[in-house]
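Trainee: One structure is given below, represented as structure tokens, and several questions about it will come after.
The values are calculated or read from the model by the stated rules, or taken from the named source; none is laboratory data. Bear in mind the structure is a predicted one, so any value in this text is a computation, not a measurement. Cβ coordinates were reconstructed from backbone atoms using ideal geometry, including for glycine residues, and neighbour counts include every protein chain displayed.
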Amino acid sequence: MKKIAVLGMGIFGTSLAITASRAGNTVLGWARNVEVVNDINQRHVNYKYLPSIPLPENIRATSDMSELFSFADIVLLCVSAQATREVVKQIKPFVKPSTILVLCAKGIEADSGKLLSEVVNEEIPSLQVAVLSGPGFAVEIAQCKMASVTIAGADDKLAQRVRDALATPYFRPYTTTDIISPQVGGSVKNVIAIASGVIEGAGLGDSARAALITRGLHEMGVLSKALNGLPETMMGMSGLGDLVLTANCTQSRNFSFGYQIGILGDAKKAMAENTRTVEGIATARAVVKRAQSLGVEMPISEIVNQVLFAEMPINEAMQKLLHRPYKPEGF
């Protein structure tokens with residue numbers, strides 16, 4: 001029996017802990033909240049984040065990071081994208097040469113515009129990094145509903161090792177050595193999902209949403225290419241697959257947040273009242289920053305950023321997109 005560690009026992013981290021357990025591993029999760037740790041260890045349930053799903057008895061929890069890294073070499077990092085740098089700084093004393101850190105958050109660092117793998121490389125250059133990304137809602141994964149993801153590593157052996165540790169008949173990972181596209185796809189699709197929700201909430205029609213999602217996929221590909229990602233990866237689970245799910249479903253926090261903006265006509269009230277982690281909000285600003293530094297044009301992401309942070313009304317945003325110059329398909 002192998003050992004897997006999960007750093008961050010929120011809803012997604014808990015779902016991945018369940019998946020790792022079903023794959024035949026002993027699992028140790030880390031949570032800052034002592035009540036979460038006690039509930040997992042004593043009652044075998046995470047009442048705070050996933051109250052309806054019983055946890056297998058081979059899942060334990062701790063609030064001691066050193067114990068987590070002593071326990072396992074494969075560590076799934078399941079904190080939010082914007083918390084990643086701070087957590088990586090905290091784990092630096094505990095990582096070993098054999099440690100594999102699997103990045104599971106979907107986002108780009110807002111302040112720097114950097115991918116999470118770049119953030120880790122800045123803080124701990126020697127650390128082995130893999131990326132897990134793709135379409136899958138946490139509750140459905142925990143409920144043993146079928147899902148497929150992409151696992152990326154710098155080499156095939158690394159990606160395959162993580163794959164073999166997590167694969168089950170219900171959770172099917174595909175592997176790649178392209179660690180760029182899964183991060184770009186998993187990040188930008190949240191921004192496109194906000195825009196898709198806006199269109200739905202504003203009642204602009206399914207045809208408009210189809211067009212937006214298609215051009216959103218193009219933006220994801222353009223940014224990935226500029227960072228040396230592979231187009232075939234973007235057409236897989238962590239690109240097209242994740243976009244299809246997130247930009248079309250009310251379970252998506254990003255889509256639902258955009259929907260509220262569409263109903264209200266602008267983002268001011270929705271931004272003020274939002275209490276959930278909607279990764280696309282911070283990512284919109286980060287994507288635009290990174291795209292501009294690369295000389296890459298991403299008009300949908302730019303408009304979403306202006307709607308969120310410059311109080312651009314929805315009607316004006318739609319007009320700006322519709323009055324862009326005509327181009328051949330694919331450009």
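Okay, residues lined up against (1) over 28 Å from ARG276 (Cα atoms); (2) in contact (Cβ under 8 Å) with a residue 60 or more places away in the chain; (3) part of a loop (DSSP other than H, G, I, E, B); (4) under 20 Å from the mean Cα position of the chain (by Cα):
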| position | (1), (2), (3), (4) |
| --- | --- |
| VAL162 | yes, yes, no, yes |
| ASP178 | yes, no, yes, yes |
| SER181 | no, no, no, yes |
| VAL191 | no, yes, no, yes |
| ALA195 | no, yes, no, yes |
| LEU204 | no, yes, yes, no |
| GLU219 | no, yes, no, yes |
| SER224 | no, no, no, yes |
| THR233 | yes, yes, no, yes |
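Trainee: Being more than 24 Å from ILE91 (Cβ to Cβ) and within 23 Å of the chain's Cα centre (by Cα) narrows it down to one of ARG22, ARG43, so name that one.
Mentor: Values: ARG43 fails: within 23 Å of the chain's Cα centre (by Cα).
It is ARG22.
To keep it simple, each residue is scored yes or no on (1) surrounded by fewer than 22 Cβ atoms within 10 Å (Cβ to Cβ); (2) more than 30 Å from PHE255 (Cβ to Cβ); (3) not assigned by TED's automatic domain parsing to the domain that holds ILE11.
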| position | (1), (2), (3) |
| --- | --- |
| ASN58 | yes, yes, no |
| ASP73 | yes, yes, no |
| ALA110 | yes, no, no |
| GLU118 | yes, no, no |
| LEU132 | no, no, no |
| LYS145 | yes, no, no |
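Trainee: Oh, and also: If I filter the range 243-264 for residues that are of a type in the set (Lys, Arg), in contact (Cβ under 8 Å) with a residue 60 or more places away in the chain, under 26 Å from SER181 (Cβ atoms) and surrounded by fewer than 24 Cβ atoms within 10 Å (Cβ to Cβ), do I get at least one hit?
Mentor: No.
Trainee: Looking at MET65, MET9, which one is buried (at least 21 other Cβ atoms within 10 Å of the Cβ), within 24 Å of the chain's Cα centre (by Cα) and assigned by TED's automatic domain parsing to the domain that holds THR150?
Mentor: MET9
Trainee: Criterion first (out of contact with any His (no Cβ under 6 Å at 6 or more places or on another chain), at pLDDT 95 or above and not in a helix (DSSP H, G or I)) does VAL120 satisfy it?
Mentor: Details: out of contact with any His (no Cβ under 6 Å at 6 or more places or on another chain): yes; at pLDDT 95 or above: yes; not in a helix (DSSP H, G or I): no.
For VAL120, the condition - out of contact with any His (no Cβ under 6 Å at 6 or more places or on another chain), at pLDDT 95 or above and not in a helix (DSSP H, G or I) - is not met.
Trainee: Quick one: VAL149 ticks every box in (1) at pLDDT below 95; (2) in a strand (DSSP E or B) bar one, so which box is it?
Mentor: Evaluating VAL149 over (1) at pLDDT below 95; (2) in a strand (DSSP E or B) leaves (1) as the failure.
Trainee: From the list GLY113, GLY134, pick out the single residue that is touching a helix residue (DSSP H, G or I) at 6+ places or on another chain (Cβ under 8 Å), at positive phi and at pLDDT 95 or above. Before you say what the answer is, go through the steps one by one.
Mentor: On the way: GLY113 fails: at pLDDT 95 or above.
From the options GLY113, GLY134, the qualifying one is GLY134.
Trainee: If you check LYS157 against the conditions, is it surrounded by fewer than 18 Cβ atoms within 10 Å (Cβ to Cβ) and modelled with pLDDT of 95 or more?
Mentor: Details: surrounded by fewer than 18 Cβ atoms within 10 Å (Cβ to Cβ): yes; modelled with pLDDT of 95 or more: yes.
Judged against the criteria, LYS157 is a match.
Trainee: Continuing with this model, one more query. Looking only at the range 61-88, count every residue that is closer than 20 Å to ASN46 by Cα, of a type in the set (Gly, Ala, Ser) and not in a loop (DSSP other than H, G, I, E, B) and tell me the total.
Mentor: Number satisfying all stated conditions: 1.
Trainee: While we're here: Within the range 26-39, does at least one residue satisfy the condition of being in contact with a helix residue (DSSP H, G or I) (Cβ under 9 Å, 6 or more places away or on another chain), modelled with pLDDT of 95 or more and within 20 Å of PHE137 (Cα to Cα)?
Mentor: yes
Trainee: Can you tell me which of SER301, SER293 is polar (S, T, N, Q), touching a residue at least 60 places away in the same chain (Cβ under 8 Å) and touching a helix residue (DSSP H, G or I) at 6+ places or on another chain (Cβ under 7 Å)?
Mentor: SER301
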